[in-house]
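The values are calculated or read from the model by the stated rules, or taken from the named source; none is laboratory data. Everything numeric in this text was worked out from a predicted model, so none of it was measured. In this analysis, Cβ positions are derived from the backbone assuming ideal geometry, glycine residues included, and neighbour counts consider all displayed protein chains. Only protein heavy atoms, including side chains, enter the accessible area calculation; ligands, DNA and RNA are left aside. Shrake-Rupley method; radii C 1.70, N 1.55, O 1.52, S 1.80 Å.
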Amino acid sequence: MLSYEDARALVFEHVKPLEKEQRHLIESQGLALSEDIVAPYGMPLFDNSAVDGYAVQAADLTAASRENPVCLEKLGYISAGDSGKDPLGSGQCVQIATGAPLPAGADTIVMKEDIKLEESLVCFFQSIPKTENVRYQGEDIPEGRTVIPVGTVIGPAQMAVLATFGFSRVPVRRVPKISIVSTGSELVDVDENPQSGQIRESNRYMLAGMVKQESCELVKMTMVPDIPKILKHEFEDALQADVVLISGGMSVGERDYAKPILKEMGVEEIFWKIKFKPGKPLFFGKRGKTLVFGLPGNPASSYVLFEEFVRPAMRQLMGRRILEADMVKARLDESISKTYKRLHFMRGQLHQQNGEYRVRPLNFQGSHSIGSLVESNALIRVEANSPVLPKGCQVSVRPLLNEIG
Ligand code: AMP
Ligand code: MG
């Protein structure tokens with residue numbers, strides 16, 4: 001059976017970033033840049049004022065004090081948006097707004113709060129160094145700098161930079177189209193009442209939520225009973241997507257038809273079963289360019305496998321630079337005495353105390369546990385055949401995107 005590391009390596013090997021495309025700026029959030037964004041010119045665009053005040057020559061105010069103010073002739077007012085072409089000489093000042101261009105001849109700006117108006121004169125009560133309250137061309141982002149590297153996911157900060165440099169259309173990679181098929185004759189839909197032996201289907205919603213967290217496109221979301229003819233029909237439709245997530249039917253039960261049917265439909269098995277807990281029967285396969293993940297029906301298994309295999313694969317398809325949250329070191333709040341022959345990613349609660357991470361493994365780790373999903377915000381890595389891990393010892397933890405009570 002494959003190790004977690006080898007299985008992940010195989011996934012990454014088979015996942016190639018999707019095509020490049022252009023998207024409108026407002027629709028680019030959550031997508032990854034397909035090119036470096038290099039500053040075509042420096043920002044700010046021109047020297048301008050950081051305050052509402054008066055542009056002067058610093059040399060004129062060297063002798064200014066409370067007792068001996070220096071009063072200068074006021075030339076006018078430069079508003080934000082004015083071209084500000086008129087130069088200023090010694091003995092003169094000009095009122096200026098925040099963001100208005102610094103006039104030629106001026107080398108510093110006195111704040112409006114620090115002056116007094118005396119008819120047509122403006123009086124200053126203290127000296128001021130050169131360059132005060134001036135925002136210089138190119139000081140924020142120099143021309144030629146790679147401001148945002150390729151593969152960065154676009155969020156509000158990146159959108160501000162893209163807008164500033166005129167990217168109304170943004171070079172990104174296409175996001176994968178995802179289809180989800182939940183299998184199981186025991187499943188009923190969310191608005192139905194489960195009869196004896198039945199349960200409400202929940203994996204589709206969980207997986208759809210995870211797909212949406214990555215801004216990928218959900219093209220299909222169905223639920224099917226364990227009837228080969230129906231499974232085949234739904235799988236064929238699902239295989240039109242870039243990634244198919246199949247929930248359930250991947251194990252060795254009498255009615256676990258998913259894997260043989262996928263094979264029959266031309267899906268090449270890359271691996272099936274990994275030395276990992278929860279979620280041993282993970283299936284990964286490919287038909288043409290379509291990737292297929294067969295996830296066990298147990299909700300916690302599906303959830304953890306999505307985090308460790310599907311989410312990073314989706315991000316690689318999107319061309320993202322960061323494929324997953326880095327693992328952090330945390331101290332155990334409680335010992336872990338039960339360990340297994342397989343690598344175990346335990347659900348736990350990560351928090352900070354006195355500036356360091358601490359983590360508490362949940363007591364209940366059943367792979368069917370729905371409750372553990374809302375109670376955990378981290379996965380604790382416990383090696384195969386690990387000795388007992390005492391309270392206080394350091395473990396590796398994957399933080400999850402999940403708010404817990
Ligand atoms: P399976 O992997 O099909 O053998 O299913 C394993 C367990 O997960 C069984 O107890 C199923 O009832 C349960 N299960 C399967 N699919 C789902 C689903 N979509 N939502 C919730 N539970 C499921
Ligand atoms: Mg089943």
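Give the residue, chosen from GLU73, GLU21, that is among the acidic types (Asp, Glu) and within 24 Å of the chain's Cα centre (by Cα).
Values: GLU73 fails: within 24 Å of the chain's Cα centre (by Cα).
Sole residue among the options that is among the acidic types (Asp, Glu) and within 24 Å of the chain's Cα centre (by Cα): GLU21.
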Worksheet item: Somewhere in segment 78-92, is a residue part of a strand (DSSP E or B) and assigned by TED's automatic domain parsing to the domain that holds LYS130?
Response: yes
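For segment 231-238, state whether one or more residues are open to solvent by less than 10 Å² (accessible area, probe 1.4 Å), part of a loop (DSSP other than H, G, I, E, B), at pLDDT 95 or above and more than 16 Å from ligand 2 (Cβ to nearest atom). Spell out the reasoning first.
Step one: list which residues in segment 231-238 are open to solvent by less than 10 Å² (accessible area, probe 1.4 Å), which gives 231, 235, 238.
Filter again for part of a loop (DSSP other than H, G, I, E, B), leaving none.
Looking through segment 231-238, none of the residues is open to solvent by less than 10 Å² (accessible area, probe 1.4 Å), part of a loop (DSSP other than H, G, I, E, B), at pLDDT 95 or above and more than 16 Å from ligand 2 (Cβ to nearest atom).
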Practice prompt. Answer with yes or no whether GLY166 is away from ligand 1 (no atom under 16 Å from the Cβ), in a loop (DSSP other than H, G, I, E, B) and either modelled with pLDDT of 95 or more or in contact with a Cys (Cβ under 7 Å, 6 or more places away or on another chain) (or both).
Written response: yes
Worksheet item: Condition test on GLU269, is it over 20 Å from LEU207 (Cα atoms) and more than 14 Å from ligand 2 (Cβ to nearest atom)?
Response: yes
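Given the criterion open to solvent by 70 Å² or more (accessible area, probe 1.4 Å), of a type outside the set (Val, Ile, Thr) and not in a loop (DSSP other than H, G, I, E, B), identify the matching residue among LEU10, LEU75, LEU45. Show your work before the answer.
Working: LEU10 fails: open to solvent by 70 Å² or more (accessible area, probe 1.4 Å); LEU45 fails: not in a loop (DSSP other than H, G, I, E, B).
Going through LEU10, LEU75, LEU45 in turn, the sole match is LEU75.
Select from segment 250-299 the residues that are in a loop (DSSP other than H, G, I, E, B) and more than 15 Å from ligand 1 (Cβ to nearest atom) and write down the one among them that is farthest from LYS232 (Cα to Cα).
Keep residues of segment 250-299 that are in a loop (DSSP other than H, G, I, E, B), which gives 250-257, 265-267, 273, 275, 278-282, 288-289, 296-298.
Among the residues that remain, those that are also more than 15 Å from ligand 1 (Cβ to nearest atom) are: 265-267, 275, 288-289.
Details: MET265: 8, GLY266: 11, VAL267: 12, LYS275: 29, GLY288: 17, LYS289: 19 Å.
Looking at the filtered set, the residue picked out is LYS275.
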Worksheet item: Among the numbered criteria (1) open to solvent by 40 Å² or more (accessible area, probe 1.4 Å); (2) among the aliphatic types (A, V, I, L, M); (3) more than 25 Å from SER369 (Cβ to Cβ), which single criterion is violated by ALA325?
Response: (3)
Response to the item:
When segment 167-225 is checked residue by residue, the ones that are closer than 21 Å to ILE370 by Cβ, among the hydroxyl-bearing types (Ser, Thr, Tyr) and surrounded by 20 or more Cβ atoms within 10 Å (Cβ to Cβ) are SER182, THR183
Response to the item:
Within segment 174-198, residues being assigned to a loop (DSSP other than H, G, I, E, B) and either over 30 Å from the mean Cα position of the chain (by Cα) or within 16 Å of ligand 2 (Cβ to nearest atom) (or both) number 12
Discussion item. Every residue in segment 221-236 that is of a type outside the set (D, E, K, R) and without any contact (Cβ under 8 Å) to a residue 40 or more places away in the chain, please.
Written reply: PRO228, ILE230, HIS233
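Got at least one residue in segment 303-324 being in a strand (DSSP E or B), under 30 Å from GLU21 (Cβ atoms), under 25 Å from the mean Cα position of the chain (by Cα) and polar (S, T, N, Q)? Show your work before the answer.
As a first pass, look at segment 303-324 and keep what is in a strand (DSSP E or B): none.
Within segment 303-324 (the criterion being in a strand (DSSP E or B), under 30 Å from GLU21 (Cβ atoms), under 25 Å from the mean Cα position of the chain (by Cα) and polar (S, T, N, Q)), the answer is no, since none of the residues qualifies.
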Worksheet item: Looking at (1) more than 14 Å from GLY30 (Cα to Cα); (2) assigned to a strand (DSSP E or B), which is the one condition that is false for LYS130?
Response: (2)
Worksheet item: From the list SER247, SER202, which residue is within 19 Å of GLU308 (Cβ to Cβ), within 14 Å of ligand 1 (Cβ to nearest atom) and in contact (Cβ under 8 Å) with a residue 12 or more places away in the chain?
Response: SER247
Response to the item:
The one condition GLU201 fails out of (1) among the charged types (D, E, K, R); (2) touching a helix residue (DSSP H, G or I) at 6+ places or on another chain (Cβ under 8 Å); (3) within 15 Å of ligand 2 (Cβ to nearest atom) is (2)
